Amino acid sequence: MGRKFWIILSIIIIIVIILLHNLIIFFLPPLSIGVCNLKQKTIRSPFCLSIYGNCELNPRADCYKNYVLLYKNHNLCEKFVNIDPTYYSKDQCYNDYSFYHPDIESCDRVSTPELRLNCFYWIGEVKNDSTVCEYIKNDSGENSKDSCYSSLSSSLNDVNICENIKENKEKDHCYDIVAYSTKDPNICEKIINTNLSVSCLDSIAIFANDASICERIKQKTGPRSIDSCYIHFIDFDYKLNISSLSICEKVSDIQDKEYSRDVCYYKIADKRLNLQLCENIKDKYFKYECIANVKRSPNFKE
């Protein structure tokens, strides 16, 4: 075997060593934090560049994260205290760990208020446990605990969680969200703010397709009233069955351009393209407007 053979063999061995090195550094799970330090801080992906124009990946940060997740030990995050936070911080480490291994202690170690708050939100949703909100510190922002309870009550559809909220506005918001998601009008009646309570009942009547819920509203006429609830129900009742006409009979027979019995008949006549329904309108000019409006429709047939 000549000199040329050994040169080629040497080149092949060098290439294999380089490939194995790259395989260990970039693809295999990190066996020590020292391996992560060997990685590039940032690299640019040709694929990403072709789509977005400028995109940097962070192999070193990913390595640090995988290192902690591999050993399932958040105490390893303390090793990152002297590492450049531009690429991976101790807070990011604790937050990432809690995402894959939900753990309240990890969230509590996060020093950045906003990041810590999101961490607790995530733990509460994953564990279906609102008690994590009690771990939120005052530096997370005003009413952070209340926001946590409100957010989790929505995710868990549990109105009892709202009872832990101290601030009335946030508590009302909490009741409103849970009432809508559960279609429970009883929850709307817990709301202190009258306008929000009426709006809550109004929405559930439409969402649950049950006009009788409107009758829970105390005010009879005007905006945010029983009448307005019925009119809104007609607006969203696309099927417009026979019961829709009976709803109009429940609306006040008054002169009101927004919420009155005439308006109710006008809306149904317009949707059904039915001239006969316009005849139920008492106001003479409004009746003519109803007839003209129906006839203008390209789908109207005599």
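What follows draws every value from the coordinates through simple rules; no lab data is involved. A quick note: this is a predicted structure, and the numbers were derived from the prediction, not measured. Heads up, the Cβs are rebuilt from the backbone with ideal geometry, glycines too, and the neighbour counts pull from every protein chain shown.
The GLN255 and GLU167 beta-carbon pair, evaluated with R₀ = 45 Å, returns a calculated FRET efficiency of approximately 0.60. Taking label points 7 Å from Cα along the Cα-to-Cβ direction, THR194 and HIS101 give a separation of 5.6 nm. Extension gain for GLU279-ASP210 works out to 22.2 nm (0.36 nm per residue, less the C-alpha to C-alpha distance).
By other beta-carbon atoms within 10 Å, ranking HIS232, HIS101 with the fewest at the front produces HIS101, HIS232.
Multiply the residue separation of ASN160 and VAL16 by 0.36 nm, subtract the distance between their alpha-carbon atoms, and state the gained length in nm to one decimal.
Values: separation 144, 0.36 × 144 = 51.84 nm, distance 6.32 nm.
Gain in length upon complete extension: 45.5 nm.
Counting other beta carbons within 10 Å of each residue's own, what order do PHE120, PHE300 fall into, fewest first?
On the way: PHE120 26, PHE300 12.
Fewest-to-most ranking of PHE120, PHE300: PHE300, PHE120.
Among the GluC sites (Glu not before Pro) found in the range 184-270, those both in a DSSP coil and sparsely packed, with 16 or fewer other Cβ atoms within 10 Å of their Cβ, are GLU189, GLU258.
From least to most packed, judged by other beta carbons within 10 angstrom and beginning with the fewest, CYS107, CYS63 follow the order CYS63, CYS107.
Using the crude model of +1 on Lys and Arg Cβ and -1 on Asp and Glu Cβ, and no other charge, please compute the dipole size for the range 207-302 relative to its Cα centre, in debye to 20.
Working: 17 positive and 15 negative charges, 19 e Å.
Rounded to the nearest 20 debye, it is 100 debye.
Show me the chymotrypsin sites (Phe, Trp or Tyr not before Pro) within the range 148-256 that DSSP assigns to loop and that have at most 12 other Cβ atoms within 10 Å of their Cβ.
Passing sites in the range 148-256 are TYR238.
Using 0.36 nm per residue and subtracting the Cα-Cα separation, the extra length available between ASN75 and ALA292 on full extension is 70.5 nm. Across the cross-link table entries LYS90/LYS127; LYS271/LYS301; LYS169/LYS190, which are compared at the Cα atoms, the separations over 19 Å belong to LYS90/LYS127.
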